[in-house]
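Here's the structure, in structure tokens; my notes come after.
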Amino acid sequence: MVVRGSSSAHRTLAILTTLGSKEAAERGGLGVVEIARRVGREKSQVSRALKTLDAEGFVERDRESMLYRLSWQVFTMAANAGHPRLLAVAPPVLRRLVGVLGERVHLTVLSHDGVLTVLSQGPARTVQAAGWVGRVTPLHTTSSGRALLFDHGDEEVAELLAGSQFASAGPGAPAGREEFLARLAEARTAGYALAREEFEAGLVGAAAPVRDFRGQVMAALNVSAPANRMGRDLDAAGRVVLSAARQLSQSMAGC
């Protein structure tokens with residue numbers, strides 16, 4: 001990658017782009033000589049730029065391999081920028097999903113105490129419907145809760161579920177952590193999660209994860225409805241939600 005222009009800004013952007021490449025990630029970083037070759041700059045120029053980026057916390061150098069890689073600060077900045085974009089591009093997807101399913105749909109994220117609804121769309125209503133946005137529901141009894149945990153290991157899930165009141169949930173809720181993990185594994189295989197009267201009697205739901213530019217789960221789309229309206233077609237609803245979640249994920253990845 002040779003970037004035209006002679007300014008330090010061009011050089012810095014070229015270096016960051018190079019370190020953000022798939023190959024650089026797979027190799028655990030790149031050396032100064034390799035970076036200089038790829039950006040078409042003198043080694044001394046690249047070395048000075050890397051030292052500045054290192055001092056500012058945008059790159060880091062492995063002490064053993066001496067290879068440079070992007071720092072966590074860059075990924076944190078990208079993630080923070082992603083959330084406003086998600087809220088900007090999600091409403092049309094939610095509206096189309098409501099049009100297909102005819103039921104209320106939600107966009108949720110993982111919070112410290114459960115599943116937080118950030119957008120909610122119902123038939124013939126505004127996107128941010130009062131009573132749903134800002135509402136927190138449990139991880140262990142909702143389809144969104146499972147979808148948001150797709151990338152978590154069993155030990156992480158166990159920590160998040162510590163203190164969860166399984167006995168006080170709906171009639172279809174998992175009896176405990178092991179049953180929850182089994183349902184989570186089943187949901188991962190399908191690509192979407194289903195909940196049948198787990199949160200409360202008579203309510204069913206389906207959810208699928210929304211992924212960011214790194215392919216990591218950042219949110220979940222879900223539909224919830226009375227069991228007498230969607231119970232028989234819940235699996236089909238799950239596939240529809242999965243398709244919408246994939247569409248939203250592509251938007252977040254810039255596709």
Cβ-based charge dipole, the range 19-62, positive-most Cα from A49, G29, L19
A49
Percentage relative contact order, the chain, counting C-alpha pairs under 8 Å, at least six apart:
14
Whole-percent carbon and sulfur contribution to the accessible surface of the chain (1.4 Å, no ligands, DNA or RNA) stands at 52
Put R211, R11 in order of accessible area, largest first, probe 1.4 Å, and you get R211, R11
When you count, for each residue, the other Cβ atoms within 10 Å and take the mean per peptide, how do 228-237, 34-43 rank with the highest first?
34-43, 228-237
Stokes-Einstein, Kirkwood over Cα pairs, the chain, 37 °C, 0.692 mPa s; D in µm²/s equals 162
How high is the relative contact order of the range 175-255? Use alpha-carbon pairs under 8 Å, at least six apart in sequence, and give a whole percent.
28
Sorted by accessible surface (1.4 Å probe, heavy atoms of the protein chains only), largest first, V241, V32 come out as V32, V241
Can you give the extra length, in nm with one decimal, that the chain gains between L13 and S243 once fully stretched, where that is 0.36 nm per residue apart less the Cα-Cα distance?
79.3 nm
Neighbour cut-off at most 15 other Cβ (10 Å), DSSP loop, GluC sites (Glu not before Pro), the range 175-233:
E200
Would you kindly state how much longer the chain becomes between K22 and E178 on full extension, computed as 0.36 nm times their sequence separation minus their alpha carbon distance, in nm to one decimal?
52.5 nm
So what's the angle, to the nearest 10 degrees on a 0 to 90 scale, between helix 8-19 and the longest Cα principal axis of the chain?
60
Considering only protein heavy atoms, what per residue accessible area in square angstrom results for the chain with a 1.4 angstrom probe?
52
Charge dipole magnitude, Cβ of K and R +1, D and E -1 - the chain, Cα centre, debye nearest 20:
1260
By how many degrees, between 0 and 90 and to the nearest 10, does the Cα long axis of helix 234-252 differ from the longest principal axis of the chain?
20
Per DSSP helix of 4 or more residues, -39500 (n - 2.57); summed, then divided by the residues of the chain. What does that give at 222 nm, rounded to the nearest 500?
-14500 deg cm²/dmol
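The values are calculated or read from the model by the stated rules, or taken from the named source; none is laboratory data. Please read these numbers as outputs of a predicted model, since none were measured by experiment. Using ideal geometry, Cβ is built from the backbone for each residue, glycine included, and neighbour counts are taken over all protein chains shown. Note: areas computed on protein heavy atoms with side chains; ligands, DNA, RNA excluded. Shrake-Rupley method; radii C 1.70, N 1.55, O 1.52, S 1.80 Å.
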